[in-house]
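The values are calculated or read from the model by the stated rules, or taken from the named source; none is laboratory data. Computed from a predicted model, the values in this text were never measured in an experiment. Counting neighbours? That spans all protein chains shown, and the Cβs are built from the backbone with ideal geometry, glycine included. These accessible areas exclude ligands, DNA and RNA; they are computed on the full protein's heavy atoms, side chains included. Shrake-Rupley method; radii C 1.70, N 1.55, O 1.52, S 1.80 Å.
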2 protein chains.
Amino acid sequence: MADPYHNIISLRAVRHFDPAPIPDNILRHILQAGRWTGSAKNTQPWHFVVVRERGTLDALAGCGRYASHLRAAPLAVAIVTASTRFWDTFDAGRAAQSMMLTAWAEGIGSCIAGLDAACARPVLGVPDDHHLQLAISFGYPQANAPHTIEGRPLDEVLAGLGRVPFDEIVHWERW
Amino acid sequence: MADPYHNIISLRAVRHFDPAPIPDNILRHILQAGRWTGSAKNTQPWHFVVVRERGTLDALAGCGRYASHLRAAPLAVAIVTASTRFWDTFDAGRAAQSMMLTAWAEGIGSCIAGLDAACARPVLGVPDDHHLQLAISFGYPQANAPHTIEGRPLDEVLAGLGRVPFDEIVHWERW
């Protein structure tokens with residue numbers, strides 16, 4: 001098992017999954033990692049909807065332009081937030097990262113799917129006073145998976161591959 | 001060193017710091033953890049401003065109601081985002097969690113300070129087309145630190161202590 005830093009540094013989106021299910025004890029760790037994430041004034045502005053039924057995963061996959069990885073995932077966790085206010089959204093990002101890193105430490109890949117709220121809300125029965133904009137696919141990476149998104153090469157869809165150089169985004173004392 | 005899961009589960013906000021500086025190699029790991037965080041379409045919608053000058057930390061501490069922990073921190077990292085759109089904010093939350101977990105694995109505590117943008121922007125010289133709403137304090141936890149925020153007991157400021165029960169926030173297949 002990697003140490004925490006290398007687990008964090010090595011996390012990459014996995015969009016092609018092996019059909020093997022995720023063991024219940026690992027799923028519980030993933031959800032506890034989300035639950036124990038810190039939030040502004042400890043408001044915990046989230047609910048997590050665990051989806052394993054194929055029909056539901058397929059329906060969610062139809063709710064986003066780049067959501068088709070949900071079709072092949074053995075499991076997804078939709079993150080429902082209290083609102084789209086800055087801190088609720090920011091804290092949801094923190095919880096997502098906690099869950100994805102916990103999975104990755106067990107060799108389980110993940111990918112965030114952006115969802116159209118109007119499409120996805122009735123699929124999961126999310127009440128009107130909560131917000132649903134994403135689900136995270138989880139699954140063991142497929143061996144020899146193609147480097148594609150929706151059948152297109154990664155570099156056609158992503159803003160770039162890799163990351164912007166360190167010195168372009170890190171500033172010392174002032175911008 | 002804790003395994004990744006226990007590192008994630010045990011992360012708590014630390015608001016009272018020992019003045020010891022953070023070694024440069026650990027700071028670099030913290031920043032790399034932020035830099036390598038995933039983002040929607042790999043847009044990497046962030047800049048990180050590292051602040052160690054006492055005058056600047058004090059000025060930022062005056063820019064938020066619960067930001068005074070910046071005064072005692074040996075170092076802070078302000079996260080500047082490309083916008084306040086949903087994904088930029090969500091991804092900033094992911095990057096923050098990556099940095100805080102990297103620090104925690106080294107025994108370094110952290111706390112997020114919400115900042116008033118109009119107050120903080122000129123302090124760091126952040127351009128008008130970028131958004132600044134938070135900085136993260138980093139430092140070794142002070143021994144025998146009080147359990148207070150701004151001198152008030154934690155439970156007067158936070159929505160609650162601990163976390164909402166697992167079964168209240170986790171839903172199976174549907175809300």
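Some points to look at:
- Being open to solvent by less than 40 Å² (accessible area, probe 1.4 Å), touching a Phe, Trp or Tyr at 6+ places or on another chain (Cβ under 8 Å), in a helix (DSSP H, G or I) and of a type outside the set (S, T, N, Q) is a property that A:A120 lacks.
- Across the range B:112-132, not a single residue is classified as touching a strand residue (DSSP E or B) at 6+ places or on another chain (Cβ under 8 Å), closer than 22 Å to B:N7 by Cβ, more than 8 Å from chain A (Cβ to nearest Cβ) and not aliphatic (A, V, I, L, M).
One line per residue, one yes/no per condition, for (1) modelled with pLDDT under 95; (2) not small (G, A, S):
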site	(1), (2)
B:S68	no, no
B:P122	no, yes
B:D155	yes, yes
B:G160	yes, no
B:E168	no, yes
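Each row is one residue, and each column tells you yes or no for (1) at the interface with chain B (Cβ under 7 Å from one of its Cβ atoms); (2) surrounded by fewer than 22 Cβ atoms within 10 Å (Cβ to Cβ); (3) among the aromatic types (F, W, Y).
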residue: A:A59; (1), (2), (3): no, yes, no
residue: A:S68; (1), (2), (3): no, yes, no
residue: A:R71; (1), (2), (3): no, yes, no
residue: A:P74; (1), (2), (3): no, yes, no
residue: A:S98; (1), (2), (3): yes, no, no
residue: A:A103; (1), (2), (3): no, no, no
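- With respect to being within 29 Å of A:W172 (Cα to Cα) and in a loop (DSSP other than H, G, I, E, B), B:G162 falls outside the description.
- Screening the range A:80-96 for residues that are of a type in the set (A, V, I, L, M, F, W, C) and buried (at least 24 other Cβ atoms within 10 Å of the Cβ) and picking the one that is nearest to A:V123 (Cα to Cα) gives A:V80.
- Unique match (being surrounded by fewer than 12 Cβ atoms within 10 Å (Cβ to Cβ) and closer than 30 Å to A:L124 by Cβ) among B:D167, B:D129: B:D167
- Test: residue in the range A:44-63 that is over 19 Å from A:L115 (Cβ atoms) and modelled with pLDDT of 95 or more: yes
- Verdict on B:N42 being polar (S, T, N, Q) and open to solvent by less than 10 Å² (accessible area, probe 1.4 Å): no
Condition check ((1) of a type in the set (D, E); (2) over 15 Å from A:Q133 (Cβ atoms)) across all residues:
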| position | (1), (2) |
| --- | --- |
| A:A67 | no, no |
| A:A73 | no, yes |
| A:A82 | no, no |
| A:D91 | yes, no |
| A:A96 | no, no |
| A:E106 | yes, yes |
| A:S110 | no, yes |
| A:G114 | no, no |
| A:C119 | no, no |
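- Out of B:A145, B:A135, one residue alone is in contact with a His (Cβ under 8 Å, 6 or more places away or on another chain), on the phi < 0 side of the Ramachandran plot, open to solvent by less than 60 Å² (accessible area, probe 1.4 Å) and not in a helix (DSSP H, G or I). It is B:A145.
- For first residues located in the range B:118-131 and in contact (Cβ under 8 Å) with a residue 40 or more places away in the chain, partners that are outside any strand (DSSP E or B) and among the aliphatic types (A, V, I, L, M) and lie 6+ apart or on another chain with Cβ distances below 7 Å form the pairs B:A120/B:L60; B:V123/B:A59; B:V123/B:L60; B:H130/B:A82; B:H131/B:A117.
- B:C63, sole failed condition from (1) in contact with a helix residue (DSSP H, G or I) (Cβ under 7 Å, 6 or more places away or on another chain); (2) more than 11 Å from every other protein chain (Cβ to nearest Cβ); (3) open to solvent by 50 Å² or more (accessible area, probe 1.4 Å): (3)
- For the range A:1-39, residues that are of a type in the set (A, V, I, L, M, F, W, C), facing chain B (nearest Cβ under 9 Å), within 29 Å of A:D155 (Cβ to Cβ) and buried (at least 22 other Cβ atoms within 10 Å of the Cβ) total 2.
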